[in-house]
Amino acid sequence: MGLGPRLDIRQTQALVMTPQLQQAIKLLALSNLELEAVIAEELAKNPLLEAQGGGEDESDGPDAAPVSQMDDSDSDESYDPPDDPGADELITGHDARDETPMDFDWQDQASETDSFTDLGGSGGGEGEAFDFDRLEYKAASLAEHLIDQLHGASGPVGEIARMIAELLDETGYLLVPVADIATGTGAPTALVEQGLVLVQSLDPAGVGARNLAECLALQAKAADRYDPAMARLIDNLDLLSKGRMNDLKRICGVDDEDLGDMIRELRAYDPKPGCQFARDGSEAVTPDVFVRRVGSGFAVELNNATLPRLIVNRRYYQELRSGPQDKASKAWLGDCLQTANWLIKALDQRARTIVKVVSEIVKTQQGFFESGAEALKPLTLRQVADAIEMHESTVSRVTSNKYLLCERGLFELKYFFGSGVASSDGEGEGASAEAVKSAIRDIIERETEILSDDAIAALLKQRGFDCARRTVVKYRESMGMGSSVQRRRQRKIAGLG
């Protein structure tokens, strides 16, 4: 059979994701703060889009659950979070009819309601000086704080000390060996040791240590508590962690009372003295959804405080359209109008989808909102998707990186999903893993005598959770709670300390 070119006609079907569909999927997965950035970008490049401020929804009726971000009468050209009914009061200025005299003493009047610090005065007569102690300087980092204290140190030792201060990790420990510092700088080891001693004498006590024992020893010396007994206790921290109190009393040469005092002293020390200068890497979380108790149920509302009201400026569009323009300009203007209208509709659809998903979550997990974590039920994305007749991937995007605020606190939407255990009577829907963890935590915190994992499993069964011992171990360890041996050891140390 010979080979040769030929033409064939085939008919196939394929799902093609248009750019707009891809953008809609992206919007659905964004949190409110991320969405705010996207809207700001669109406002910057689309002259037909306008933002008219934002405000929280103040609706208070029993039907407040499916709160929409759109006005249905204007759905093709506006994205309108409800305005703040108190906005007029917030921006109200001075009344022209105010009869307050021009020589009114505002400071004397304000002193009746404002604190002294707020007024900026120091309390006495007119000639008293400003309180400069209020402008207290605070170092931005541990290294900066230490170097500020080394301003009076000069010469090679001072230079080495400054270098060591910059080498400390965020907890205040020196993880680089002294020999490596000496090799890197070309300085004698003895000089590096002197620089380290200088750093270890600075505030806060304990910085510059190379291990936990040295850190505690430096703090004990600063508190004038580093006697021979304390030194031996610090040298045997491994025995303390194992709860071998009799061995420690023998090694330190003290009785129960003295050992208890020494342990209390150690507990007062900071094992990571540099952390007080560490930058807080956590970011503030803004809730995307509010759940409020309304009568015998709960209302679901979107947090519209961070989202502006979007509209299409039809007047500006008509002005541009009626002016002289070429074919490319007309195409660009039409594209801007189409993009603006599509964005407004996409934002409205996103809002409706989020409210629909969260409403189903609240309906399924109503026991949690009424009673707490122990009432959580096992829940999967598939269950929610089937209930609201949406695809599972849509529910996944809605619950990704979004947070819910209710009277019990702030929770990520993913918190309400998870596997669980069966009920002890074999009936009912069982309980979620979070509910079991909450019950285990409560049992351990309330125990008067240390309970084994088998005993905890038996108590859980009495509460309606059918858990095996290995399940108790898994959940206990995931919460960072020690075994019965570790808890017994900790209680023994606490009894002495």
Counted residues in segment 303-316 being modelled with pLDDT of 85 or more and either farther than 14 Å from residue 36 by Cα or of a type in the set (S, T, N, Q) (or both) come to 7
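Residues that are open to solvent by less than 80 Å² (accessible area, probe 1.4 Å) and either out of contact with any helix residue (DSSP H, G or I) (no Cβ under 9 Å at 6 or more places or on another chain) or under 26 Å from residue 172 (Cα atoms) (or both): list the helices (runs of 4 or more DSSP H) wholly contained in segment 225-281 that include at least 3 such residues.
Values: elements: 228-235, 237-241, 245-252, 256-268.
The helices (runs of 4 or more DSSP H) meeting that bar are 228-235, 237-241, 256-268.
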The one condition residue 413 fails out of (1) on the phi > 0 side of the Ramachandran plot; (2) touching a helix residue (DSSP H, G or I) at 6+ places or on another chain (Cβ under 8 Å) is (1)
Taking segment 296-330 and the residues there that are among the hydroxyl-bearing types (Ser, Thr, Tyr) and either part of a loop (DSSP other than H, G, I, E, B) or free of Cβ contacts under 8 Å to residues at least 60 places away in the same chain (or both), the one that is nearest to residue 348 (Cα to Cα) would be 306
Just one listed residue, out of 162, 244, is among the basic types (Lys, Arg) and over 30 Å from residue 488 (Cβ atoms), and it is 162
- residue 147 being modelled with pLDDT of 85 or more, touching a Gly at 6+ places or on another chain (Cβ under 6 Å) and of a type outside the set (Phe, Trp, Tyr): no
Those residues of segment 417-442 that are buried (at least 18 other Cβ atoms within 10 Å of the Cβ) and either of a type outside the set (A, V, I, L, M, F, W, C) or modelled with pLDDT of 90 or more (or both) come to a total of 6
Result of the Cβ filter at 9 Å on segment 6-30, keeping first residues that are open to solvent by less than 80 Å² (accessible area, probe 1.4 Å) and partners that are of a type in the set (Phe, Trp, Tyr) and modelled with pLDDT of 85 or more, at least 6 apart or interchain, is 20/342; 23/342; 24/342
Scanning segment 367-410 residue by residue, the ones that are open to solvent by 60 Å² or more (accessible area, probe 1.4 Å), assigned to a helix (DSSP H, G or I) and polar (S, T, N, Q) total 2
Picked from segment 181-222 (must be touching a residue at least 24 places away in the same chain (Cβ under 8 Å) and open to solvent by 70 Å² or more (accessible area, probe 1.4 Å)), the residue farthest from residue 160 (Cα to Cα) is 212
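Against the definition (surrounded by 20 or more Cβ atoms within 10 Å (Cβ to Cβ) and touching a helix residue (DSSP H, G or I) at 6+ places or on another chain (Cβ under 7 Å)), how does residue 178 come out, yes or no?
Working: surrounded by 20 or more Cβ atoms within 10 Å (Cβ to Cβ): no; touching a helix residue (DSSP H, G or I) at 6+ places or on another chain (Cβ under 7 Å): yes.
Criteria not met by residue 178.
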For segment 292-342 the number of residues that are open to solvent by less than 70 Å² (accessible area, probe 1.4 Å) and of a type in the set (D, E, K, R) is 2
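The values are calculated or read from the model by the stated rules, or taken from the named source; none is laboratory data. In this text the structure is predicted, and so the values were computed from the model without any measurement. Here the Cβ is made from the backbone with ideal geometry for all residues, glycine too, and neighbour counts use every protein chain on show. In case anyone asks, the SASA skips ligands and DNA or RNA and just uses the protein heavy atoms, side chains included. Shrake-Rupley method; radii C 1.70, N 1.55, O 1.52, S 1.80 Å.
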